[in-house]
1. Has the stretch 152-172 got at least one residue that is over 23 Å from Glu78 (Cβ atoms), free of Cβ contacts under 8 Å to residues at least 12 places away in the same chain and either in a helix (DSSP H, G or I) or open to solvent by 40 Å² or more (accessible area, probe 1.4 Å) (or both)?
2. Every residue in the stretch 94-115 that is open to solvent by 10 Å² or more (accessible area, probe 1.4 Å), touching a strand residue (DSSP E or B) at 6+ places or on another chain (Cβ under 8 Å) and touching a residue at least 60 places away in the same chain (Cβ under 8 Å), please.
3. When only residues in the stretch 1-12 that are open to solvent by 70 Å² or more (accessible area, probe 1.4 Å) and hydrophobic (A, V, I, L, M, F, W, C) count, which is farthest from Gly378 (Cα to Cα)?
4. Test of understanding: among Leu21, Leu30, which residue is in contact (Cβ under 8 Å) with a residue 12 or more places away in the chain, part of a loop (DSSP other than H, G, I, E, B), among the hydrophobic types (A, V, I, L, M, F, W, C) and touching a Pro at 6+ places or on another chain (Cβ under 7 Å)?
5. Could you check Ser168 against (1) farther than 21 Å from Ala240 by Cβ; (2) at pLDDT below 95 and say which number it fails?
6. When residues of the stretch 13-46 are filtered for being surrounded by 10 or more Cβ atoms within 10 Å (Cβ to Cβ), farther than 24 Å from Trp59 by Cα, of a type in the set (A, V, I, L, M) and more than 25 Å from the chain's Cα centre (by Cα), how many remain?
7. List, please: which pairs have Cβ atoms under 6 Å, are six or more places apart or on different chains, and start with a residue in the stretch 376-387 that is under 16 Å from Met1 (Cβ atoms) and end with one that is among the polar types (S, T, N, Q)?
8. Please verify whether Met102 is among the hydrophobic types (A, V, I, L, M, F, W, C) and at pLDDT 95 or above, treating the condition exactly as stated.
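The values are calculated or read from the model by the stated rules, or taken from the named source; none is laboratory data. This structure is a prediction, so every number in the text was calculated from the model and none was measured. Methodologically, a virtual Cβ is constructed for each residue, glycine included, from the backbone with ideal geometry; neighbour enumeration extends over all protein chains shown. Note: areas computed on protein heavy atoms with side chains; ligands, DNA, RNA excluded. Shrake-Rupley method; radii C 1.70, N 1.55, O 1.52, S 1.80 Å.
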Amino acid sequence: MLTLPTKDNRLEAYKLSGVALEPRAPEIPLNRTAFAAAHVVSDPVAERDPWIAPPAVDWDNTLRFRHWLWDQGLGLAEAMDTAQRGMGVDWPTARELIERTMREAKAHPLKPRVACGAGTDQLDPSEIKTADTIITAYSEQIEAIEAAGGQVIIIASRAFPAIGANTSTYAEIYGHLLEQVSQPAILHWLGDMFDPALKGYWGGETVAAASDAVLSIIESNVEKVDGIKISLLDQAHEEAFRARLPTGIRLYTGDDFNYADLIEGDGDRYSHALLGAFAAIAPVASQALEALARNDKETYHALFEPTVPLSREIFRAPTQFYKAGIAFLAWLNDAQSHFIMPAGFQSARDITHYAEVFRLADQARLLSRPDIAEERMGLLLKLHGIG
């Protein structure tokens with residue numbers, strides 16, 4: 001029994017339900033591609049000046065979490081926003097992360113699919129003033145990813161809005177990048193609720209104009225595009241956009257609120273998944289997708305439904321701090337041994353948030369190590385003078 005703070009500034013007793021899913025691999029092949037976007041764990045002893053220096057990564061715990069995801073049959077989206085690109089993790093660290101992850105993935109018995117983020121973050125924003133500079137920066141990272149054996153995700157870069165890029169500039173740059181990749185790449189549309197510096201991406205003043213712009217890029221490079229990941233938290237837009245995609249191009253939902261309906265689809269079309277939320281709810285995600293592959297939609301929705309309040313809490317505004325909730329759940333489930341993140345990012349959320357995540361994760365059957373989860377929640381409460 002724990003005493004947890006509430007959002008109305010009270011303390012109340014809470015007892016774990018004791019009902020949790022056992023993490024396991026799917027028993028049959030899945031009929032949706034599912035990438036979980038994973039976070040990075042810092043070395044709590046080696047970390048120095050965490051707010052201003054590159055992170056000292058705890059490689060054992062960082063890779064341990066990736067194995068935990070792979071063991072449940074999920075793919076991995078590596079070195080993405082969830083890994084704190086531009087929020088504590090720099091390109092040299094991300095490159096080493098990609099290389100280490102790819103070596104581990106190749107040796108894993110399930111041969112998991114791994115896609116890795118290529119961006120422009122090796123350059124200071126003040127150094128990026130032209131399209132050629134953006135192309136050169138992306139190209140360096142694409143080459144590193146492909147050399148390691150990863151699929152490329154061309155992640156949204158703050159450089160485009162910073163130079164005031166218009167739709168023609170986006171088309172020119174993405175055309176060069178897609179010509180370069182050796183296998184089809186995944187495009188990436190991250191809304192400004194995740195990163196305010198990405199406002200106006202694709203050069204359109206409205207979401208409708210931006211949609212037209214990126215669809216034009218896809219249509220001009222169909223053979224080099226695997227799909228596009230969209231994180232706008234707008235189900236209606238995603239469904240309408242999905243219907244306009246050329247045949248064979250996947251929509252990877254990044255909607256951490258409406259994933260269940262989007263992945264199930266409307267009978268004609270459906271989304272695949274590239275989600276930070278799946279790193280938080282991996283046991284449910286794996287087993288719900290297994291149920292969908294069996295056409296057992298009752299079980300599919302029964303598993304996913306309780307995770308929606310949890311995901312909404314983890315991704316509540318300011319949304320860019322969601323990584324802390326994912327790392328917290330990994331710690332509670334013993335998928336990592338401590339709760340230290342690059343740039344001290346665990347301090348981005350308050351104790352009331354963590355208490356609510358604890359409650360909702362329990363109700364969603366996601367605390368698979370209840371004894372460890374209760375002990376660690378208790379430690380965090382004591383750190384905050386509770387209990």
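1. Yes, the conditions are met somewhere in the stretch 152-172.
2. Arg113
3. So, considering only residues that are open to solvent by 70 Å² or more (accessible area, probe 1.4 Å) and hydrophobic (A, V, I, L, M, F, W, C), the one farthest from Gly378 (Cα to Cα) is Leu11.
4. Values: Leu30 fails: touching a Pro at 6+ places or on another chain (Cβ under 7 Å).
Unique residue meeting the criteria: Leu21.
5. So Ser168 meets the others, but not (2).
6. Result for the stretch 13-46: 2.
7. Gly387/Thr3
8. The answer is yes for Met102.
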